[in-house]
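A.B. asks: Please read through the structure below; I'll follow up with questions.
All of the numbers you see were taken from the coordinates with simple rules; none came from a lab. Small disclaimer: the values here were computed from a predicted structure and weren't measured. Quick reminder, even Gly has a Cβ in these numbers, built from the backbone with ideal geometry, and neighbours come from all protein chains shown.
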Amino acid sequence: MSGIQIRIDRTFWLLPIGLSLWTAKDEGPAAALRMFVLVLCVFLCVLGHELSHSLRALSLGIRVPVITLYPMGGVASMARIPKDPLQELSIAIVGPLFNFALAAALYFPLLQVLGRENLFSPSLESWPRTFANVFWVNPVLGAFNLIPAFPMDGGRIFRSLLAFKLKYVTATRISVFLGQFFAILFFLLGVWKHHWMLVLVGFYVYFSASKEMKQALREVTEVSPNNGNHGLS
């Protein structure tokens, strides 16, 4: 698609298989199958999120060679991140907007097909309620990605807004500090709630933000072509 390669990391399958086995232990094989299908549907939404970033970047002349799906989300590897704050803002914001728009587009068709009771009671108890989860996950994905935890979408939006008034490296430094603060919160909340995916997100945000800060300090005015990873969806 537009020269973008879609790559599934080998570790990706750990999530649907692991969640399915866990579900089978408590709820049986039928629920396990529904969980497996649900995870794949969710990642189709994640892929749409990353494609929206990528297509916007392509429209600005920025090459996007590959989108990679990992267990914790998707990453669009862009050839560069624009130093024009308006361009970075437009690339970052389209991902969450895609999820909100998809939820709005799905609402009335799913309401007609599933019925109000099933749509507003998502679970794994039946196929209709399983697909109701696909609807609800989109506003959650959109809202979560708007958290200003750099380098997530919200963090990049925050940096782009700062960059209208501050130097690029200064805007990056502030965004990284806020991102690492949220990363620590994710980690602690994940440990407290035994939500290990949130722990992994915390690790990813913290170290990815640190990496981009080092690159910004080294080059000051230019982000390395290998450091244009965009998104954690």
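A.B. asks: What are the principal axis extents of the Cα atoms in the chain, in Å, biggest first?
C.D. replies: Taking max minus min along each principal axis of the Cα atoms, the chain gives 55, 37, 29 Å.
A.B. asks: Treating the angle as unsigned and between 0 and 90°, give the value, to the nearest 10°, between the Cα long axis of helix 85-114 and the longest Cα principal axis of the chain.
C.D. replies: 10 degrees
A.B. asks: Have a look at the DSSP beta bridges in the chain and tell me what percent are antiparallel, nearest 5.
C.D. replies: 65 percent
A.B. asks: Continuing with this model, one more query. Report the residue, chosen from GLY74, GLY48, GLY61, that carries the largest GNM mean-square fluctuation when the chain is represented by alpha-carbon nodes joined by springs under 10 Å.
C.D. replies: Sorting by GNM fluctuation, first place goes to GLY61.
A.B. asks: State the volume of the convex hull built on the alpha-carbon positions of the range 18-92, expressed per residue in Å³ and rounded to an integer.
C.D. replies: Details: hull volume 6.3 nm³, N = 75.
Once divided by residue count, the hull of the range 18-92 is 85 Å³.
A.B. asks: A further question on this structure: Using amide H atoms built 1.01 Å from N in the peptide plane, name the residues 5+ places from ARG7, or on other chains, whose amide H lies under 5 Å from its own.
C.D. replies: The answer is ILE67, THR68, LEU69.
A.B. asks: A follow-up question, please. From the P(r) of the range 107-204, can you give the percent of Cα pairs sitting at distances over 25 Å? Kindly include the intermediate steps, with their values, before the conclusion.
C.D. replies: Details: 1973 of 4753 pairs.
Taking all Cα-Cα pairs of the range 107-204, the fraction more than 25 Å apart is 42 percent.
A.B. asks: If you average the sequence gap of Cα pairs under 8 Å that are 6 or more apart and divide by the length of the chain, what percent do you get for the contact order?
C.D. replies: Worked out over the chain, it gives 21 percent.
A.B. asks: Moving on to the next point. For the range 59-168, what does the alpha-carbon gyration tensor say about shape, rounded, prolate or oblate, given a ≥ b ≥ c as the root eigenvalues, a/c under 1.5 as rounded, and a/b over b/c as prolate?
C.D. replies: Note, shape of the range 59-168 comes out prolate.
A.B. asks: To continue, here is another question. Starting from the range 43-130, pick out the chymotrypsin sites (Phe, Trp or Tyr not before Pro) whose DSSP state is loop and whose Cβ has at most 15 other Cβ atoms within 10 Å.
C.D. replies: Here the sparse-neighbourhood loop sites are PHE120.
A.B. asks: Zone of PHE203 (label point 7 Å along Cα→Cβ, backbone N under 20 Å): which residues in the range 55-78?
C.D. replies: Backbone N within reach: 68-76.
A.B. asks: Let me make sure I get this right: for the range 51-99, a, b and c are the square roots of the gyration tensor eigenvalues over alpha carbons, sorted descending. Under 1.5 in a/c it's rounded, otherwise prolate if a/b > b/c, else oblate. Which is it?
C.D. replies: Oblate.
A.B. asks: Restricting to Cα pairs below 8 Å that are 6+ residues apart, what does the relative contact order work out to for the range 1-107? Please round to a whole percent.
C.D. replies: Details: 122 pairs, mean separation 31.0, N = 107.
The value is 29 percent.
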